[in-house]
Amino acid sequence: MATITSANSSLAIAVTDLYPSPQSIQGYAADDAFTADAVEQAEIVMGVDGHMSAGFIFNPTRMTITIMPDSPSLIIFENWQLAQRTAREVYRCNGTVILPAIGRKYSLQNGVLTSGNPFPGNRRTLQPVPFIITWERVIAENN
């Protein structure tokens, strides 16, 4: 019987002109490793007569990656933020998510780092650090 564990999942990201070979992201937060927001795929309007019309639309996918403050991958995101700030340009990336538990692989295409904390939150202990990458396209494949 298959499981739904996420303990064996993986995420790798290649950042063009910074990390051209895929970097395996490690050291995720326990309760919030990586997630994607729901993507609106249709525009819906109601006419004055009460009839609904709809049309397909494209939208990007926002993905939140939350890593621990002692993660070896934190430096990847910090360097990425610094490179973008220094160049005053965006650095595009591509990635892959592999979920062995359900036999799925996801190709992440043409992403941009759109949000990230400058440092871990300081509370009783250092807090997990979230970063958001916005992808042009996410394609599901059988693994």
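Just a few scattered comments:
- One residue stands out among those in segment 47-79 that are buried (at least 18 other Cβ atoms within 10 Å of the Cβ) and of a type outside the set (A, V, I, L, M): the one that is farthest from VAL129 (Cα to Cα), which is THR61.
- Here GLY116 meets each of (1) over 24 Å from GLN26 (Cβ atoms); (2) surrounded by 14 or more Cβ atoms within 10 Å (Cβ to Cβ) with one exception, condition (1).
- In segment 75-112, the residues that are in contact (Cβ under 8 Å) with a residue 40 or more places away in the chain and either touching a helix residue (DSSP H, G or I) at 6+ places or on another chain (Cβ under 6 Å) or not aliphatic (A, V, I, L, M) (or both): PHE77, ASN79, TRP80, TYR91, ARG92, CYS93, ASN94, GLY95, THR96, PRO100, GLY103, GLY111
- Failed item, numbered, when THR86 is tested on (1) crowded, with 16+ Cβ neighbours inside 10 Å; (2) more than 17 Å from the chain's Cα centre (by Cα): (1)
- In segment 99-143, the residues that are assigned to a loop (DSSP other than H, G, I, E, B) and hydroxyl-bearing (Ser, Thr, Tyr): THR125
Coordinate-derived values only; no laboratory data. Every value quoted in this text rests on a predicted model; they were computed, and no experiment measured them. Neighbour counts are summed over all protein chains in view; Cβ atoms, including those assigned to glycine, are modelled from backbone coordinates with ideal geometry.
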